[in-house]
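First up is the structure itself, then whatever we jot down about it.
The values are calculated or read from the model by the stated rules, or taken from the named source; none is laboratory data. Worth saying up front: this structure is predicted, and the values here are computed from it rather than measured. FYI the Cβ positions are ideal-geometry reconstructions off the backbone, even for glycines, and counts take in every protein chain you see. When the accessible area is computed, the model is the full protein with side chains, heavy atoms only, and any ligands, DNA or RNA have been set aside. Shrake-Rupley method; radii C 1.70, N 1.55, O 1.52, S 1.80 Å.
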Amino acid sequence: MKDTHNDSLSMFWFVVSNTMPPVGFFLYFKHRKQSPNKAKRALTSAMIGIPLASIMGYIINTYILK
C-alpha cells in the first residue's frame, strides 16, 4: 500500500475557515507540523475571514437592519 500524503486543504474546510475564523486557527494548529501547506491555507483563509466578517457586519447593521 502506497503512503500518500495529502497536503492540501479541501474546498469545504477552506470555506468553513473563511466563514468561521476560529475553525481556521484550529486547523492551522492541528496540521502545522504534518501538513504545512494545508495549515498555511487554513490560516490564510481565517485571516481573510476576519476583515470580511467585520465589513459584512457593518454593511448589514448599517444598511439592511436600519
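When each of Ser54, Ser45 is tested for being of a type in the set (S, T, N, Q), at pLDDT 90 or above and within 8 Å of the chain's Cα centre (by Cα), the lone residue that passes is Ser45.
Among residues of segment 30-50 that are without any contact (Cβ under 8 Å) to a residue 24 or more places away in the chain, those with a beta-carbon under 6 Å from a residue that is open to solvent by 100 Å² or more (accessible area, probe 1.4 Å) at least six positions away or on a different chain give the pairs Ala39/Arg32.
Restricting to segment 9-26, name every residue that is out of contact with any Ser or Thr (no Cβ under 7 Å at 6 or more places or on another chain) and open to solvent by 30 Å² or more (accessible area, probe 1.4 Å). Selection gives Ser10, Met11, Phe12, Trp13, Val15, Thr19, Met20, Pro22, Phe25, Phe26. When Phe29 is tested against the conditions (1) more than 8 Å from the chain's Cα centre (by Cα); (2) at pLDDT below 95, the lone failure is (2).
For segment 27-48, does any single residue satisfy the condition of being among the polar types (S, T, N, Q) and surrounded by fewer than 10 Cβ atoms within 10 Å (Cβ to Cβ)?
No, that holds for no residue.
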